[in-house]
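Encoded as C-alpha cells, the structure appears first; notes follow it.
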Amino acid sequence: MATADLRITRVVLREFGWTLPGLGLDRSGYEPVYDPASTARLTGYVLQIESAAGVTGEYAWSMGSNAVPAAQIKIAARHLIGRDALQRERIWNELKRHFRKHDRVGLGPIDIALWDLAGKAFGAPVHQLLGGYRTRLPAYASTYFGDENGGLSSPAAYADFAVRCRELGYRGFKVHGWGGPVAREVATVLATREAVGPGMALMVDPACGYETFADALAVGRACDEAGCFWYEDPYADGGISAFGHRKLRELIRTPLLLGEHVRGFEAHVDQVLAGGTDFVRADPDLDGGITGVMKIAHAAEGLGLDVELHGPGPAHRQCMAAIRNTNFYELGLVAPGITDKSRHYQVQGPGYSDDLDAVDAEGCVPVPDGPGLGVTLLEDWLAPRVTATLAVD
C-alpha cells in the first residue's frame, strides 16, 4: 500500500459535543473539579486527512488547547491538498514557518493524523514505524484539581485516593491541588506520602497556581520531605521562566518538571540549557504532534535527561512506546466520583480506555497495536454529536 498514491485529496474537521456528569469548575472558573451537582458540556474535534488511495488518517482530541488547534487547522487545510502524505517532515517544517506568528498548536493534530495515515498505509502501528521500545507503559494516576464538594476536598481525601490507586496497581500518583492556601497544599503532600509509604512515586503539579516564589518554595520543601519524584509547574510565571525555576532548583532537592507551557522544539532545548528544568515535558497535542515530541525526546536523550509526556491518549501511547528515556504515562484526569470518563466519551471506540481502571495489576496500560494509532473512531457515537463540519478539497 505504501507505493500507492497517497496525495492528500481532502481534509475534514468536525466539532462534536458531549456531557460528563459530576464535573464542574473550581472557584477560578477554569480548572476542572469533581462536583456531583454539575454536568459539564464538553467539546472535542476529529481531523480526517484523506488520500487518493483511499487511506485516511484520523485523530480525535478534546484536551490541550482544544479549539485553538482547530482554528489553525482551518487556516492550514488548503495548503495540505495535493501534498504527499508521507512527507511529514517537510509538511511539519513548512507549517511551523506558516504558523510562526502563532503558538503552532495546530501542527499537532495534523502531524498525528499524517502518522496515523502512514501507519495504515504500511499496515503497522506508529510505534513500530518510530522504532519500538516497549509495549506496556507504567502509569501514574493524575488527579483532577482540589474541590470543596466532597471529592478531593482535603489532604485526607487525596491520601485515601492515592491508597486506592496504589491498590489498583498504579506505580505513581500526582496531586493537582487547589493552588492555595499553601498550608493545605503542604499538608496534602505530606499526608499522601504518609498514606502510600515510600514505594509509590509521588508527583506534585500546582499548574502554575502559586502566586509567589515563596509559596512555590514552601511546597517544594514539602516535596523534599516527602521524597517526591518531581515538582511540576509550581508558580504563576506560567511555567516559562528558566531563570526563576533555576533559582528554585538551587533551593530544593526535588527535580523540577517544566515545559508544558513552552511552545516549540527550540524553546524546549533553550529551557533545558538555561537550567530551568530537570525532566523535560512534551505533548503530541501541543508540541507539534508525534514528529515534534520525538524531536524533543531525542534532544533530551542527547543531554542525558528524561522526557515525560503530558496527558493521555493514543498518540501519547504510541510515542512513549518508542522512547527509551521516559518513565510514566499520565493517566488522567481522575478523582473519586469521576472514574469512568470513557463511558461518556466513546469516540475512540471499543478496547481503548483512559479510565481509572485501565491499568493492569502491575500498573501498566497497553500500547494499541493496530495500524496507525491503533484505535478506530466510533462513528455511531460520534455522528449524532457533531455540531460543525469543515471540509476542504
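The values are calculated or read from the model by the stated rules, or taken from the named source; none is laboratory data. Every value quoted in this text rests on a predicted model; they were computed, and no experiment measured them. Cβ: placed from backbone, ideal geometry, glycine included. Neighbour counts: every protein chain shown. Side chains are part of the model used for accessible areas, which takes the heavy atoms of the whole protein and leaves out ligands, DNA and RNA. Shrake-Rupley method; radii C 1.70, N 1.55, O 1.52, S 1.80 Å.
Using 0.36 nm per residue of separation minus the Cα-Cα distance, give me the extension gain between H102 and H79 in nm, one decimal.
Between H102 and H79, full extension yields 6.6 nm more.
Here are several values of mean projected area of the Cα convex hull in nm²: (1) 28.1; (2) 17.6; (3) 19.0. Which one was derived from the coordinates shown?
Checking each listed value against the structure points to (2).
Could you put T376, T56 in order of accessible surface area, largest first, with the 1.4 Å probe and the full protein assembly present?
Most to least solvent-accessible, the answer reads T376, T56.
Relative to the present Cα-Cα distance, how much length would full extension add between D357 and E266 at 0.36 nm per residue of separation?
Net length gain for the segment: 29.1 nm.
If you take the Cα atoms of the stretch 1-86, find Rg, then find the Kirkwood Rh from the mean of 1/r over all pairs, what is Rg/Rh?
1.16
Counting Lys and Arg as +1 and Asp and Glu as -1, each charge on the Cβ, what is the dipole of the chain about the Cα centre in debye, to the nearest 20?
940
When ranked by the protection proxy of mean other Cβ atoms within 10 Å per residue, highest first, what sequence do the peptides 379-387, 302-310, 79-87 form?
Descending mean neighbour count gives 302-310, 79-87, 379-387.
To one decimal place, what orientation-averaged projected area in nm² is obtained for the convex hull of the Cα set of the stretch 83-178?
9.8
What percentage of all Cα-Cα pairs in the stretch 204-245 are separated by more than 16 Å?
27
Which order do R7, R281 take by accessible area at a 1.4 Å probe, largest first?
Result, largest first: R7, R281.
Please give the FRET efficiency for R343 paired with R90, using the beta carbon to beta carbon distance and R0 = 35 Å, rounded to the nearest 0.05.
The pair R343/R90 has a calculated efficiency of 0.30.
Return the whole-Å distance between the Cα centroid of the stretch 140-200 and the Cα centroid of the stretch 56-121.
That distance is 37 Å.
Can you give the Kirkwood hydrodynamic radius of the stretch 177-264 from its Cα pairs, in Å with one decimal?
The Cα-based Kirkwood calculation yields 12.8 Å.
If DNA, RNA and ligands are ignored and the probe is 1.4 Å, what is the ranking of K174, K101, K120 by accessible area, most exposed first?
Ranked from most to least accessible, the order is K101, K120, K174.
Normalise the Debye intensity by I(0) for the stretch 234-388, one equal point scatterer per Cα, no solvent, then take log10 at q = 0.08, 0.17, 0.19, 0.21 Å⁻¹ and round to two decimals.
Evaluating at q = 0.08, 0.17, 0.19, 0.21 Å⁻¹ gives log10 I(q)/I(0) of -0.28, -1.04, -1.18, -1.30.
Report the antiparallel proportion of the DSSP beta bridges in the chain as a percent, rounded to a multiple of 5.
60
What distance in nm separates the two pseudo spin-label positions at A183 and W381, each 7 Å out from Cα along the beta-carbon direction?
4.5
List the cysteines of the chain that have no other Cys Cβ closer than 4.7 Å: which are they?
C165, C208, C319, C364
Kindly give Rg over Rh for the stretch 240-295, based on alpha-carbon atoms, with the Kirkwood expression for the hydrodynamic radius.
Radius of gyration relative to Kirkwood radius: 1.00.
How many nm separate the modelled label positions at E194 and H298, each set 7 Å beyond the Cα in the direction of the Cβ?
Distance between the two pseudo-spin positions: 4.9 nm.
Between the stretch 300-320 and the stretch 337-391, how far is it from one alpha carbon centroid to the other, in angstrom?
Cα centres, the stretch 300-320 to the stretch 337-391: 20 Å.
Holding the Cα-Cα limit at 23 Å, pick out from K174/K341; K96/K247; K96/K120; K101/K247 the pairs that are longer than that.
Distance filter (> 23 Å) returns K96/K247; K96/K120; K101/K247.
Mind giving me the FRET efficiency for L251 and A67? R0 is 45 Å, r the Cβ-Cβ distance, nearest 0.05 is fine.
After rounding to 0.05, the efficiency reads 0.70.
Could you grab the relative contact order for the chain? Cα pairs under 8 Å, six or more apart, rounded to a whole percent.
Relative contact order of the chain: 21 percent.
Could you rank the peptides 362-370, 104-112 by their average count of other C-beta atoms within 10 Å per residue, with the highest value first?
My ranking of the peptides, most packed first, is 104-112, 362-370.
Pull out the extension gain between L390 and F243, defined as 0.36 nm times the separation in residues minus the alpha carbon to alpha carbon distance; nm, one decimal.
Answer, rounded to one decimal: 48.6 nm.
Put a dot 7 Å past each Cα toward the Cβ at A236 and Y30; how far apart are the dots in nm?
Here the answer is 1.0 nm between the modelled labels.
Say the dipole of the stretch 4-158 comes from +1 at the beta carbon of Lys and Arg and -1 at that of Asp and Glu; which of G22, Y45, S142 then lies farthest toward its positive end?
Y45
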